[in-house]
Amino acid sequence: MEQHVNPIIDAVLGYIAGFIQYLAGLLGPYLPEAHWAAYLAFALYVTAIILGGLLAILARNLVRAMMGLVLTFLGVAGMYLLLASPFLAFMQLLIYVGAICVLVFFAIMLTHNSSEGEESKLPPLSALGYGLLSLIAPLAVAGPLIILHGSKLKSKVPVDTPTGDLGKGLLTEYVLPFELISIVLLVAMAGAVFLAFRGFAPLKGDKE
Amino acid sequence: MTALTFFLLASLLLLAFGLAGLITRRTLVGMLISVELMLNGAGLSIVAACKSTEASDSLGQLATLFVMGLAAAEATLVLAMILVVQRRFGKVLSSEITTLR
């Protein structure tokens with residue numbers, strides 16, 4: 001059976017493969033050794049993070065911004081999988097995608113902010129300028145630091161930690177933070193219920 | 001460049017997105033979304049740093065679990081605050097909330 005259907009497609013595929021090989025040869029000494037599938041997965045997750053992040057901060061419709069947030073959370077969950085911590089990836093899905101996004105959705109819907117709310121207008125030009133500045137500043141300050149000094153750290157390949165170790169750590173070594181976080185959660189829930197049920201009506205003499 | 005560098009750059013990207021969103025968003029809800037982005041970047045960088053160096057693995061994962069718990073508590077409280085502000089001011093624009101009373 002004839003495999004090579006179209007010489008043009010063959011030529012294009014060959015060119016692309018050659019280009020990838022050329023890039024790999026060029027960057028090879030600087031890149032960590034990993035299976036190509038790891039690079040593919042990393043590229044996929046980074047793409048999800050970038051697209052989701054851009055959608056989350058640029059979308060004029062807040063529901064779309066929340067969907068961008070979900071995409072970013074999924075990308076970060078994939079990163080946790082790449083770092084050999086599947087328990088954290090599961091928790092990311094459960095807590096962030098399952099709980100926090102629902103809270104954000106409640107906030108959007110309770111303030112009538114979905115598509116024709118206050119967010120649908122563009123922010124003033126000065127705010128856009130400051131936003132661009134604050135996007136560039138962390139990248140420009142910490143990016144070179146990470147690239148220059150991160151390479152000097154002795155890096156090892158992540159290995160899987162048994163989930164039982166995490167549970168033992170929670171009950172022996174890190175029992176104080178564990179109890180503290182439960183108190184924080186309790187106080188936050190009580191405060192939220194108190195604020196939401198008591199309510200604050202508009203005061204007399206306020207201009208509406 | 002090690003694998004750690006890539007993961008740290010990804011979390012730096014999350015921080016930058018969150019900061020930019022926090023400044024450009026006009027409403028409290030949009031700012032809540034941006035803060036969640038930044039918290040996610042913090043968790044990712046903690047796990048990456050602990051998993052790919054000699055530091056304790058379970059310490060990094062538990063720290064990120066605590067960050068997630070704090071994020072959940074923060075989101076709950078912010079939702080209640082947004083409700084109060086909405087009732088009190090009628091809108092959740094950050095530029096409109098100017099009285100403490």
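Values in this text are rule-based calculations from the coordinates and carry no lab data. All of these numbers come straight from a predicted model, not from anything done at the bench. With ideal geometry, Cβ positions are generated from the backbone for all residues, glycine too; neighbour counts draw on all protein chains shown.
How charged is the neighbourhood of B:THR53? Take every other residue with its Cβ under 13 Å from the Cβ of B:THR53, and add Lys/Arg as +1 and Asp/Glu as -1. Walk me through the intermediate numbers first.
Numbers: positive: A:LYS152, A:LYS154, A:LYS156, B:LYS51; negative: B:GLU54, B:ASP57.
That sum, taken over residues with Cβ under 13 Å, equals +2.
Shielding of peptide A:10-23 by partners, expressed as the average count of other chain Cβ atoms within 10 Å per residue Cβ, is 0.
Using a cut-off of 14 Å between beta-carbons, work out the net charge of the residues near A:LYS154 (Lys and Arg +1, Asp and Glu -1, A:LYS154 not included). Taking every Cβ under 14 Å from that of A:LYS154, the sum is +2.
For chain B, the fraction of C-alpha pairs farther apart than 20 angstrom is 49 percent.
When the Kirkwood hydrodynamic radius is evaluated over all pairs of different C-alpha atoms of the protein assembly as shown, what value in angstrom, to one decimal, is obtained?
On the way: mean 1/r = 0.0465 Å⁻¹.
Its Kirkwood hydrodynamic radius stands at 21.5 Å.
Pulled fully out, how much extra length does the chain show between A:PHE194 and A:LEU145, if you take 0.36 nm times their separation in residues and subtract their Cα-Cα distance?
13.1 nm
Based on C-alpha pairs under 8 angstrom that are at least 6 apart in sequence, chain A has a relative contact order of 15 percent. Charged neighbours of A:LEU110, selected by a Cβ distance under 13 Å, balance to +2 (K, R count +1; D, E count -1). Relative contact order for segment B:3-89: 27 percent, from Cα pairs under 8 Å spaced at least 6 residues apart, divided by residue count. Given R0 = 41 Å, the distance between the Cβ atoms of A:THR163 and A:LEU132 translates into a calculated FRET efficiency of 0.45.
Full extension of the chain between A:LEU185 and A:PHE105 gives 26.8 nm of extra length, using 0.36 nm per residue less the Cα-Cα distance. For a paramagnetic label modelled on A:LYS156 (point 7 Å from Cα along Cα→Cβ), amide N atoms under 17 Å away belong, within segment A:75-104, to A:83-85.
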